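Heads up: the structure comes next, in structure tokens.
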Amino acid sequence: MAPTYDIERLLLAQPSTRTVAGVDEVGRGAWAGPVLVCAVVTDLSEPPAGLTDSKQVSEVRRGPLAAELAEWAAGVGYGEASHQEIDTLGMTEALRRAARRALEALPVRPDAVILDGKHDYIGAPWPVRLEVKGDAASISVAAASVLAKVRRDAYMATIGCDEYGFAENAGYPSPAHQEALAQLGPTAHHRLSWSYLDELPQWRHLKHHRDPLVGEGQASLFS
């Protein structure tokens, strides 16, 4: 089923809500690079054809669709947290900072947020509606998922490290990426607090051990 505006309209029916943003992230499970969050506000108009969860959009179609979405949306905001922030603060706090940066980058402050997933990593003062598989249910979240994916993939393709295949895997643990890590060790773009280093004895000494009083610890790679 294609995403709809059902959730947006439900929230907009509340007297205190005039603007709703859809929010989604990309890069949570990568071993290298930033985590990126996109926030999208729409005017409830018909979206570009073929919009759905970014994972269901072909790579060939994804780029052109993102360009159409950027023109169509009433507002788009991006925020990211670097791999250094992830190492220092933990994934949940890094996501929170990236999401707030994205929301603050919108041209208008939303009165409510639809967040893909089951964990509210944004928190007060934003009123958040959690929606599992929201990128398949909500038009604004689906738009955010496509825009976030295309933007982060494009960035990861520019940072070099060809042996690690970042242009193809965007920092996720593909076989080529894992092989390069084992042979060459982590790059300046890798998250050094993550458990993959425990499996690489020759590089284990590079692991970053987070201050337990800072952040909340590493989020699950698969959450």
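The values are calculated or read from the model by the stated rules, or taken from the named source; none is laboratory data. Please read all numbers here as calculations on a predicted model, not as lab measurements. Quick reminder, even Gly has a Cβ in these numbers, built from the backbone with ideal geometry, and neighbours come from all protein chains shown. Please note that ligands, DNA and RNA were not included when accessible areas were found on the heavy atoms of the full protein model with its side chains. Shrake-Rupley method; radii C 1.70, N 1.55, O 1.52, S 1.80 Å.
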Residue ranges of helices (runs of 4 or more DSSP H) in segment 84-197 with at least 1 members touching a Gly at 6+ places or on another chain (Cβ under 6 Å): 91-104, 139-156, 175-184
Answer residue from segment 42-58, given it is out of contact with any Ser or Thr (no Cβ under 6 Å at 6 or more places or on another chain) and among the small types (Gly, Ala, Ser) and is farthest from Arg9 (Cα to Cα) among those: Ser58
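Could you check segment 1-24 and list, in sequence order, the residues that are touching a Leu at 6+ places or on another chain (Cβ under 6 Å) and either farther than 17 Å from Pro127 by Cβ or not hydrophobic (A, V, I, L, M, F, W, C) (or both)? Can you show your working first?
Start the filter on segment 1-24 by keeping residues that are touching a Leu at 6+ places or on another chain (Cβ under 6 Å), which leaves 5, 17, 20, 23.
Tyr5, Thr17, listed by residue number.
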Condition check: at pLDDT 95 or above, closer than 30 Å to Lys207 by Cα and aliphatic (A, V, I, L, M). Does Val40 satisfy that? no
I'm told Pro175 meets every condition in (1) within 22 Å of the chain's Cα centre (by Cα); (2) closer than 22 Å to Ser58 by Cα; (3) open to solvent by 40 Å² or more (accessible area, probe 1.4 Å) except one. Can you identify the failing condition by its number? (1)
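Which ones in segment 29-62 are within 14 Å of Gly79 (Cβ to Cβ) and part of a loop (DSSP other than H, G, I, E, B)?
Step one: list which residues in segment 29-62 are within 14 Å of Gly79 (Cβ to Cβ), which gives 34-40.
Answer for segment 29-62, where residues must be within 14 Å of Gly79 (Cβ to Cβ) and part of a loop (DSSP other than H, G, I, E, B): just Pro34.
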Right, Leu184: farther than 13 Å from Ala32 by Cα and open to solvent by 40 Å² or more (accessible area, probe 1.4 Å) or not? yes
Mind checking whether some residue in segment 104-113 is in contact with a Ser or Thr (Cβ under 7 Å, 6 or more places away or on another chain), within 22 Å of Trp31 (Cβ to Cβ), modelled with pLDDT of 95 or more and surrounded by 20 or more Cβ atoms within 10 Å (Cβ to Cβ)? no
Here's a check for you: in segment 196-217, which residue that is closer than 25 Å to Asp24 by Cβ and open to solvent by less than 70 Å² (accessible area, probe 1.4 Å) is modelled with the lowest pLDDT? Gly217
Kindly indicate the residue of segment 14-28 that is of a type in the set (D, E, K, R) and part of a strand (DSSP E or B) and also least open to solvent (accessible area, probe 1.4 Å) among those meeting that condition. Asp24
The number of residues in segment 159-175 that are touching a strand residue (DSSP E or B) at 6+ places or on another chain (Cβ under 8 Å) and among the aromatic types (Phe, Trp, Tyr) is 2
Selection from segment 41-61 of residues closer than 17 Å to Leu115 by Cα, open to solvent by less than 20 Å² (accessible area, probe 1.4 Å) and not charged (D, E, K, R) yields Val41, Ser54
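Could we say that Ala167 is open to solvent by 20 Å² or more (accessible area, probe 1.4 Å), over 15 Å from the mean Cα position of the chain (by Cα) and within 13 Å of Gly33 (Cβ to Cβ) here? I'd like the intermediate steps shown before the answer.
Working: open to solvent by 20 Å² or more (accessible area, probe 1.4 Å): yes; over 15 Å from the mean Cα position of the chain (by Cα): yes; within 13 Å of Gly33 (Cβ to Cβ): yes.
Yes.
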